[in-house]
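Computed from the coordinates by the stated procedures, all read-outs in this text should not be read as laboratory data. Everything quoted here is computed from the prediction, not taken from an experiment. Note that each Cβ is placed from the backbone with ideal geometry, even for glycine, and that neighbours are counted across all protein chains shown.
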Amino acid sequence: MFSKLSLIILFAIIALFPHLFPSPYLIHIATLIFIWSFITTAWSYMGRFGLVSLGHGAFLGLGAYTSSLLFNHYGLTPWIGLLLGGLMAVLFAIIIGYACFRFGVIGDYFALLTLALGQVVALTIIAFRDITGGSLGFTLKSKGTSLLYLQSEEKIHFYYLSLGFLILAMLVWKWIDRSKMQKALRAIGEDEIAASTLGIGIIRYKMIITMISAFMTAVGAVLYAQYVTYLNPFTLSGVVASLEIAFKAILGGMFSLWGPTVGTALIIALEEYIRVSYGGKFVGFSQIIYGAALVLLIIFLPKGIYGTLQQFFQRKK
Amino acid sequence: MVELLLNAVINGILLGGVLALLAFGLNLIFGVVKIIHLAYGQCVMLGMYLIYTFVDLLGIPLIPACLLTLPLTGALGVALQWLVINPLLRAKANPLTQLLALAGLIIVFENLAQVIWGADLRGVKVPLPLINFGPIFLRASNLIAFFGALLTLLSLYLFLHKTYLGLAIRSTAQNVDSARLMGINPGLIYYTTMAAGGILTGIIAAFFSPIYAVHPHFGGSFTMMAFIIVVLGGMGSMLGGFIGAFIIGIVTSVTAVLTSTEMGEIVALVIFISVILVRPQGLLGIKISR
């Protein structure tokens, strides 16, 4: 949909944005959008091939808690924690993914099963409250501004870092698109039995994409934890966190490269707008509108906002 | 320790009675309308808030307040059918889309409750005694809920098996097209089923009110529990749901006594995951293709 030139202009504007509008608030919101877009894009790697997971909160929780607990207790740098957290998520994905794909759990059953998984991780975090701080969560030890410990008091550092991560996620999307895996997974998503008769290794491809998605999601969670320096089982695992990832991606359109990012940006902007304009008087009011909008969009625009726009423009050509 | 476990088992059985009612509602809706009502626990939560409003703010005694709540939760069911489920069925949405739309309702309901009633715990205070038989202690509210739930299940059974409307509902569940040939209007049956499911959430809310204090996220764990039971018993199998409710009630309550409440829930979820993996048709379900 975008030509090369408009892409370059878009990224130039985004890169210059903090210098044109040096408002810490706007930079903060933009950073949140980048981090969550990174995560929703990683979610869509699976979602676009029919593997709709409602349990990515499990990967968020595993990644963020692994890295942050190792940092708080052993002073391990989050750069290694990021890899270890990602590997934890991959390990979890291998166990669960193999079980699911081996027994042929797909569609709504897969969604329900993963929904339960996200909740299992949240409850486990709460149950081990001596280590994890339970439902109260815990705060990361402050190191001031330090590249080694991936902490910064300057918001702008995280702005560029998370933007870099988001671009990375999009490049991985492009790489998947060009690989043989994409064709195989699309065939599997459309008709699993037909694909297997063509000799496509269903379990293998599904496992690979699940592992990539799990790893990236966990990395995004570590980034988020480093940015807000506070971890809580309800924002980083459990049913609501898992559903919100899926909803952001679906609202934007999980089948297109820019869909998850557009969805995330719209939802975070909407939440912030309503929160700022109505304040604490209506806590949850923004969420009602958001939920209702979601239900309507899921019914009437199953391809998502961006996906529908894209379709509309393609038809005009 | 033995006494503690005995208490846990008996409390689990009592909890199982109400859970059976929840599972029955979900099963009924799944069987007839073919929708997984992911926001069912949240409907119960709204019912409990209605009872709280009637009792605490308007000063109506508990029993009339509960009776007042039933038509309102029934109306909520009808409204859901009209505003959400009918459009979904008309758009011929796949099961996954339906699931997500209903999941969106969770966000709407929970935040609606938070905006109207706030995030604090709200409870109806009813002075009910603690009854003991030797070493076993029982809360009267749990006993009422248990026997009330059994009575409700019995009357629902009679409604489904002894009335023409019940017959129409059962035949719609079996085969919509044949039911239509017999002169049944499926659209009307869907509305009736959702109304019955809605009234059921009101009844459950009435039994829960003296036991639990309600908060906006109250419904979540009960929706999850109801699901676990329905899947364990087999989707659409009423008897399976009934047995599953008692299994889950006892397992969670015993695990909670031995370790912690969270572990109880984790064990139930692990059972759920294993059942989906190994025996997706459930204990008593008919083999279906996924």
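Amide H contacts of A:Tyr230: A:Leu140, each under 5 Å away and 5 or more positions distant or on a separate chain (H built 1.01 Å from N in the peptide plane; Pro and chain starts excluded). Among A:Val120, A:Val228, A:Val262, which one moves the most in a GNM of chain A with springs linking Cα atoms closer than 10 Å? Judging by the Gaussian network model, the answer is A:Val228.
Measuring between their Cα centroids, the range B:16-52 and the range B:72-123 lie 12 Å from each other. Note on chain A: Kirkwood radius taken over Cα pairs, Stokes-Einstein applied at 20 °C and 1.002 mPa s, translational D equal to 106 µm² s⁻¹.
Once C-alpha pairs closer than 8 Å and six or more residues apart are averaged by separation and normalised to the residue number of chain A, the relative contact order reads 30 percent. Volume per residue of the convex hull around the Cα atoms, evaluated for the protein assembly as shown, comes out as 172 Å³. Under the simplified labelling scheme, the A:Thr145-B:Phe133 pair shows an inter-label distance of 7.1 nm, with each label point 7 Å from Cα along Cα→Cβ. Contact order, relative form, for the range A:170-262: 15 percent (alpha carbon pairs under 8 Å, 6 or more residues apart, mean separation divided by residue count). Here the Gaussian network model covers chain B, with springs between Cα atoms less than 10 Å apart; of B:Gln81, B:Gln174, B:Gln98, B:Gln174 fluctuates the most. The phi-based Karplus calculation (6.51 cos²θ - 1.76 cosθ + 1.60; θ = phi - 60°) puts the 3J(HN,Hα) values of the range B:270-279 at 5, 4, 4, 4, 5, 5, 4, 5, 9, 9 Hz, whole numbers, x for Gly and Pro. Axis angle, to the nearest 10 degrees, between helix B:62-80 and the longest C-alpha principal axis of chain B: 30 degrees.
Rounded to whole numbers, the Karplus 3J(HN,Hα) couplings from phi for the range B:206-217 are 5, 6, 6, 3, x, 8, 10, 8, 9, 9, x, 9 Hz, using 6.51 cos²θ - 1.76 cosθ + 1.60 with θ = phi - 60°, and x at Gly and Pro. The residues A:Val295, A:Val276, when put in order of fewest to most other Cβ atoms within 10 Å, stand as A:Val276, A:Val295.
For A:Thr77 and A:Arg129, what does the FRET efficiency come to when R0 = 22 Å and r is the distance between their Cβ atoms, rounded to the nearest 0.05?
Details: r = 26 Å, r/R0 = 1.18.
The pair A:Thr77/A:Arg129 has a calculated efficiency of 0.25.
Electrostatic bookkeeping for A:Met170 treats Lys and Arg as +1 and Asp and Glu as -1; over the other residues with beta carbon under 15 Å from its beta carbon, the sum is +3.
Answer rounded, prolate or oblate for the range B:185-290, using the Cα gyration tensor with square roots of eigenvalues a ≥ b ≥ c: rounded when a/c is under 1.5, else prolate when a/b is larger than b/c, else oblate.
Since a/c reaches 1.5 but b/c is at least a/b, the shape of the range B:185-290 is classed as oblate.
For B:Phe137, the amide hydrogen comes within under 5 Å of no other amide hydrogen, counting only partners 5 or more places away or on other chains and with H modelled in the peptide plane.
Could you pull out the pairs from A:Lys206/A:Lys248; A:Lys174/B:Lys92; A:Lys206/B:Lys34; A:Lys183/B:Lys34; A:Lys4/A:Lys248 whose alpha carbons sit more than 24 Å apart here? Over 24 Å apart, Cα to Cα: A:Lys174/B:Lys92; A:Lys206/B:Lys34; A:Lys183/B:Lys34; A:Lys4/A:Lys248. Averaged over the residues of B:266-278, the number of partner chain Cβ atoms lying within 10 Å of the residue Cβ comes to 5.
Karplus-based coupling profile of the range B:195-201, in residue order and whole Hz: 5, 4, x, x, 4, 4, 4, with θ = phi - 60° in 6.51 cos²θ - 1.76 cosθ + 1.60 and x standing for Gly or Pro.
What order do you get for B:Lys125, A:Lys141, B:Lys34, B:Lys92 when you list them from fewest to most C-beta neighbours inside 10 Å?
Listed from fewest to most nearby Cβ atoms, that is B:Lys92, B:Lys125, A:Lys141, B:Lys34.
Less than 5 angstrom separates the built amide H of A:Gln151 from those of A:Ser146, all sequence-distant by 5 or more or on a different chain. How high is the relative contact order of chain B, in percent, with contacts defined as C-alpha pairs under 8 Å that are six or more residues apart? That works out to 37 percent. Which helices, counted as full DSSP H runs in chain A, have an axial Cα extent of no less than 15 Å and a Kyte-Doolittle average of 0.5 or above? Helices meeting the criterion: A:4-20, A:24-47, A:78-102, A:107-127, A:155-178, A:202-228, A:238-252, A:259-278, A:285-300. Once you reduce the range A:90-117 and the range A:160-233 to the center of their Cα atoms, the two points are 15 Å from each other.
In this rough spin-label picture, where each label sits 7 Å from Cα along the Cβ direction, the A:His19-B:Ala91 distance is 4.4 nm.
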